[in-house]
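Structure, as structure tokens:
The values are calculated or read from the model by the stated rules, or taken from the named source; none is laboratory data. Only a predicted model underlies this, so the values are computations on that prediction, with no experimental measurement involved. Positions of Cβ are backbone-derived with ideal geometry, glycine not excepted, and every protein chain shown enters the neighbour counts. All accessible areas refer to the heavy atoms of the entire protein, side chains included, with ligands and DNA or RNA removed. Shrake-Rupley method; radii C 1.70, N 1.55, O 1.52, S 1.80 Å.
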Amino acid sequence: MSGDTIVDGVANENSASGNAQVGQQVGVQYVESVFHETTIYTVSDEDTAERRHQVARAYLNAGLPRSAEELFSELVFNGHQSTERIYFYVLAVFSERGFGDLSTELVRRIREVGKLCVSLPEDEWSRAHRVVRSLVDLVRSDTGDGSFTAVAAFGDLPAERQDEISRHLSLLVTGVVDRQLDAERKHKVSTERFSRNRTDRAWKFFEPNPVEPAKYQIRVSTTDIDDRRPAFIGGTVALLSLAGLFFGPMSLLFWGGLVLLITGSAVTTRYGIEHTGHALHVASRRDATRPAEEPTNPSQVDKLIDRCFRDACPPDAEDWSEYAAGCRRYLRRRLNDRLKYDMNYGQTVKQLKWLFDWHARRVARQWPSVDPQLQPEPAAPRGARNRQMAGVLVTVAGLALLGVAHRWQIVPIATGGWFALPAVIEFFATRRATQFLRADADGLYEQEMAEYERWRDELADRPNDSDIARWLALDKTYIKEEALRKGDIAERDLVSHVVLNERAPYARRGIVLHGPPRYEAYQVIVILLTRHGVRESRVHLNLITGEIKNEDWNVFGYDRIASASLKVREKPVKRPGEPERKIRNRELRLRLLDGVEILAISDRVDIENDTEDGEVELNQLAAATSGMDAALPILEAVAHKGRDWIEFENDRRAMWSRNWSE
């Protein structure tokens, strides 16, 4: 049920099941991925201790404590110990672990490195390590009103150390102690989660690195060689006949007709080239924007171009789709031709998104005052057509005078010229149009390069994966605190809590090499387990802006829980010459007695054109950062034991306390 209070229901038999096979809650959706080729998570056996330390710390900051624990353990227990590494190793061990997860072996190793830390010179890191141990002792002793020396020492630490300790001890330090630590923090979560210029920088993580534009020149359509044969023959006949004019009497009419013939032909050719060159220039530009034969399945280029133009649509532009169709078709033809044989097609398409966005914004700025072409069409040369027609008339007059002079050659000259002169004009007009199109291409390329450089500068302060992980961790802490405040839950009433996150539908994904997937939006689920019942809330988190909205919540007693089920699907992946591996996807569901499903979350990653190796790694990393590992044992125990879970949890804490004290 939903409400502001916990209502006890009738007794029931709770159950939990785990190892069934089932599909995902929602179908696989297209996820646009951005891949960043950085090496902050890359380590090899040949790397130095300093390099391994850097990678281990990056893992811890990214929310991958088990990977960080492994690397720090190798350093600390293999002769590369320091107070800094011991501090981070202990943090990694405690991170994402509750009381029941701290085995006797882990406690032994923590004690061992504690003794080692005491033997080293005291510094900032050893003091921070001592605060961590003191806080765990304080929680173990369960004295909310006892000695708060550890809390005071926490307040003396630098803000960065405070943030680290609060984040990685969140499953151990709760209730009164957690509130006291929050009061001592130099950075307040509600403001710190917007630090480092988040709202102006976070979106850049989900933008691919731009690739340089390539100059693209529109081609001019020319007459096929077979169609030029009459022109060649006609030109030959006309020239031979023109030479034959000189075999005869040279009268005044002859010379007058000859001058008019040559002058008229020259004028016709000169201005015919100018007029036809302009016409070919315009026609070629229009042809580039006309519909081509549509493929059965649109390419990635087609889909991304259409999306960019939809995003750039001006307000109230009802005819936008038709208005921008020419530019969209031009870009489709241009980029599909360019990327036809690209070996890294999918990634290159994403890296050209900036170019599509720029063209879309460019067309949007022209709407609705400019004709919907690539650019405003060039003006026609003034008077060229009239001069060409005047030249034709002069040529006809010259032929007439030669006819009066009894030159029979005018017949083959006129016939041959009829075929030859347009071909000559078209030949040189094509070259002229090509020059115009080359100038267009040069001008457009300069503008695109200017935008490319501007976009590179814009992305220069892109946040790294650690920044994204830090913002997400602070957001989850803030959402948990808000759930406590809105639920009016007292510090001593909170027994445990679970925070889960999954990708929001259609959110874009950003990935660093060997790092976990990050999303521009999340669904965050907070489950608060109190002495009286459960409060479950779900919110939509915009990681780019930090906006939290669309909260849904449920409050119910432990005896209202019908079942918690874990369903696992394994997919074998095998590549030639390598052993078979499995992709393991989990789905957690929590149902009440009335059949309402209040929780359904999956750690599956939707894959878009990833390799099988990438799919294996991404699923593992997504599972490690979803919060499901910490949630599963708690929710399974709640479903099995109902209200008796609280006593079970207290017994686990008592057992852990004894292990810690021994």
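Given the structure, is Val118 among the hydrophobic types (A, V, I, L, M, F, W, C), more than 37 Å from the chain's Cα centre (by Cα) and open to solvent by 20 Å² or more (accessible area, probe 1.4 Å)? Answer is yes for this residue. Between Ala433, Ala420, Ala439, the distinction of being among the small types (Gly, Ala, Ser), open to solvent by 20 Å² or more (accessible area, probe 1.4 Å), within 22 Å of Gly277 (Cβ to Cβ) and assigned to a helix (DSSP H, G or I) belongs to Ala439 only.
Taking the criterion of being farther than 18 Å from Arg130 by Cβ and either open to solvent by less than 60 Å² (accessible area, probe 1.4 Å) or in a loop (DSSP other than H, G, I, E, B) (or both), the residues of segment 72-88 that qualify are Ser73, Leu75, Phe77, Asn78, Gly79, His80. Would you check if there is a residue in segment 507-519 being open to solvent by less than 40 Å² (accessible area, probe 1.4 Å), touching a strand residue (DSSP E or B) at 6+ places or on another chain (Cβ under 7 Å), over 29 Å from Phe206 (Cα atoms) and of a type in the set (Gly, Ala, Ser)? No, the conditions are met nowhere in segment 507-519.
Residue-wise test of (1) at pLDDT 90 or above; (2) among the β-branched types (Val, Ile, Thr); (3) crowded, with 19+ Cβ neighbours inside 10 Å; (4) within 17 Å of His532 (Cβ to Cβ).
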site: Ala469; (1), (2), (3), (4): yes, no, yes, no
site: Leu474; (1), (2), (3), (4): yes, no, yes, no
site: Thr477; (1), (2), (3), (4): yes, yes, yes, no
site: Glu482; (1), (2), (3), (4): yes, no, no, no
site: Asp488; (1), (2), (3), (4): no, no, no, yes
site: Asp493; (1), (2), (3), (4): no, no, no, yes
site: Ser496; (1), (2), (3), (4): no, no, yes, yes
site: Ala504; (1), (2), (3), (4): yes, no, no, no
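List the pairs whose first member sits in segment 182-202 and is farther than 21 Å from Glu481 by Cα, whose second member is of a type in the set (S, T, N, Q), and whose Cβ atoms are under 6 Å apart, counting only residues at least 6 apart or on separate chains? Pairs found: Thr199/Thr545.
Taking the criterion of being free of Cβ contacts under 8 Å to residues at least 12 places away in the same chain and open to solvent by less than 60 Å² (accessible area, probe 1.4 Å), the residues of segment 36-50 that qualify are Ser44, Asp47. Here Glu112, Glu69 are screened, and the one residue that is free of Cβ contacts under 8 Å to residues at least 40 places away in the same chain and open to solvent by 60 Å² or more (accessible area, probe 1.4 Å) is Glu112. Every test in (1) in contact with an Asp or Glu (Cβ under 8 Å, 6 or more places away or on another chain); (2) within 19 Å of Ser33 (Cα to Cα); (3) open to solvent by less than 60 Å² (accessible area, probe 1.4 Å); (4) modelled with pLDDT under 75 is passed by Ser626 save one, and that test is (4). Can you confirm whether segment 174-182 contains a residue that is open to solvent by 30 Å² or more (accessible area, probe 1.4 Å), hydroxyl-bearing (Ser, Thr, Tyr) and at pLDDT below 90? Within segment 174-182 (the criterion being open to solvent by 30 Å² or more (accessible area, probe 1.4 Å), hydroxyl-bearing (Ser, Thr, Tyr) and at pLDDT below 90), the answer is no, since none of the residues qualifies. Residues in segment 307-343 that are within 21 Å of Glu32 (Cα to Cα), of a type outside the set (A, V, I, L, M, F, W, C) and surrounded by fewer than 16 Cβ atoms within 10 Å (Cβ to Cβ): Arg307, Arg310, Asp311, Lys340, Asp342.
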